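To start, the structure itself, in structure tokens.
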Amino acid sequence: MNYTYRTIIILSLIFLISCSGDKETTETSESPRIKNFSKIILPESNQEVIYGEAISFEIGSSETADSIVLEYGDEHMVYTNLTFDWTPKAFKTGKQKVRIKVFSGDQSETHYARLVVLSDITPTAMSYELLGEYPHAEDAYSQGLFFIGDTLVESTGQRGESRISKQNLKTGEIYQSAALENSYFGEGSTYWNNHIYYLTWTTNVGFIYDQNLQPTGQFNYTHEGWGMTTMGDTLVVSDGQETLHLLDPRDMSEIGKLEVYDNEGKVVYINELEYFNGLIYANIWQTELIVTIEPSTGRVLDLIDLSGLRQNFQSSEAEVLNGIAYKSNSDQIFVTGKNWPKLFEVKFKQTN
């Protein structure tokens, strides 16, 4: 009896599983597929185009297309032919999406042309003139550097050694500082509206201080934190790749992105940042280079080679160049590096 009962249960389970499987297969196989009457033939997906140049479009359609609408930013263009050229009025470098709407009778379909926009400019080769040198704390793993008036402020990295500090420009003396907890690896920093903002590397949290380096709050973000600067009422944050994140300091929400490209492709390892004279200046990690970035487009305009600065000091602890500070009230530019014993005043100039 028990054997018969168990047999019936097993057969019933097999039947139920079989029916369940058949039902799932049937539903999946009978799911309707949407068939588009139109598609983008040109440009190809992720096709590279040059900033400022006309882009050729070709639309394929099995129905008679009444009109094709192209939308990008504030631009709204209407075409009646399946092939047309479009020259953007305002473009940005990097990965961009252009919306294409195809209308036929009472039907309409939306597609996106995905493009990679390269700069149309070969960056100008720049070098520097050394104007002066100052002491710099050799234990400072420099991540952020900026001035509040005449006060030099620096943020440093390494777990257990990260701090935000004020220092005397002429002597290098640190006279006020605030340390991060040992679990945090400090990164870039900047100043806006009487507050100092300090990033951390991989913990997705930043800290806010008043001018006396007293903590007043914190904020979160979803990417790595590298460099940081202030551009008007916008904070600009690098994440170690080609992307610059634009934040509203009032609530620290992300309000936009900028992808940095030169005429050959994306520029990665963007590190410490400084904004002045209408441009974003950026250290490129593991190099002795600074690039200037056009904020409205993401194009790299200049390539500044700071090779040779390390010849002005002897240090076995010194690492990569990192740190740009602009002193606006005297129009001075200062640079340093991680664990460098010196801070240098420089003037950028075009290479002969």
If you go through segment 66-89 one residue at a time, do you hit one that is of a type in the set (A, V, I, L, M, F, W, C) and either closer than 30 Å to Tyr281 by Cβ or in contact with a helix residue (DSSP H, G or I) (Cβ under 8 Å, 6 or more places away or on another chain) (or both)? no
Here are the criteria: (1) touching a residue at least 60 places away in the same chain (Cβ under 8 Å); (2) open to solvent by 20 Å² or more (accessible area, probe 1.4 Å); (3) of a type in the set (Val, Ile, Thr). Tell me which single one Thr151 does not satisfy. (1)
Near pairs, Cβ below 8 angstrom, 6+ apart or cross-chain, from segment 292-307 (within 18 Å of Val320 (Cα to Cα) and small (Gly, Ala, Ser)) to any residue that is open to solvent by 30 Å² or more (accessible area, probe 1.4 Å) and in a loop (DSSP other than H, G, I, E, B): Ser307/Glu288
Of residues in segment 43-86 being in contact (Cβ under 8 Å) with a residue 40 or more places away in the chain and not in a strand (DSSP E or B), the one least open to solvent (accessible area, probe 1.4 Å): Pro43
If you go through Leu279, Leu343, Leu244, the only one that is free of Cβ contacts under 8 Å to residues at least 24 places away in the same chain and among the aliphatic types (A, V, I, L, M) is Leu279
Could you say which residue among Leu169, Leu145, Leu152 is assigned to a loop (DSSP other than H, G, I, E, B) and hydrophobic (A, V, I, L, M, F, W, C)? Leu169
Got a number for residues in segment 294-321 being open to solvent by less than 50 Å² (accessible area, probe 1.4 Å) and closer than 30 Å to Phe91 by Cα? 9
Could you check, for segment 87-98, whether at least one of its residues is hydroxyl-bearing (Ser, Thr, Tyr) and without any contact (Cβ under 8 Å) to a residue 24 or more places away in the chain? no
Name the residues in segment 178-196 that are in a strand (DSSP E or B) and either surrounded by fewer than 14 Cβ atoms within 10 Å (Cβ to Cβ) or among the charged types (D, E, K, R) (or both), would you? Glu187
Out of the residues in segment 280-328 that are acidic (Asp, Glu) and not in a strand (DSSP E or B), state the one that is nearest to Ser127 (Cα to Cα). Glu288
For segment 91-106, which residues satisfy the criterion of being open to solvent by 80 Å² or more (accessible area, probe 1.4 Å) and either in contact with a Phe, Trp or Tyr (Cβ under 7 Å, 6 or more places away or on another chain) or in a strand (DSSP E or B) (or both)? Lys95, Lys97, Arg99
Examine segment 219-226 for a residue that is part of a strand (DSSP E or B), at pLDDT 95 or above and over 15 Å from the mean Cα position of the chain (by Cα), and state whether such a residue exists. yes
Given (1) open to solvent by less than 10 Å² (accessible area, probe 1.4 Å); (2) modelled with pLDDT under 95, Lys170 misses just (1)
Just a yes or no: is a residue in segment 255-272 in a strand (DSSP E or B), touching a Lys or Arg at 6+ places or on another chain (Cβ under 8 Å) and open to solvent by less than 30 Å² (accessible area, probe 1.4 Å)? yes
Of Ala137, Ala125, the only residue that is open to solvent by less than 70 Å² (accessible area, probe 1.4 Å), more than 20 Å from Ile208 (Cβ to Cβ) and either assigned to a loop (DSSP other than H, G, I, E, B) or at pLDDT below 95 (or both) is Ala137
All positions within segment 197-225 that are of a type in the set (Phe, Trp, Tyr) and open to solvent by 40 Å² or more (accessible area, probe 1.4 Å): Trp201
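The values are calculated or read from the model by the stated rules, or taken from the named source; none is laboratory data. Predicted model only: the values in this text are computed from it and were never measured. Quick reminder, even Gly has a Cβ in these numbers, built from the backbone with ideal geometry, and neighbours come from all protein chains shown. Surface areas here come from the heavy atoms of the whole protein model, side chains and all, with no ligands, DNA or RNA. Shrake-Rupley method; radii C 1.70, N 1.55, O 1.52, S 1.80 Å.
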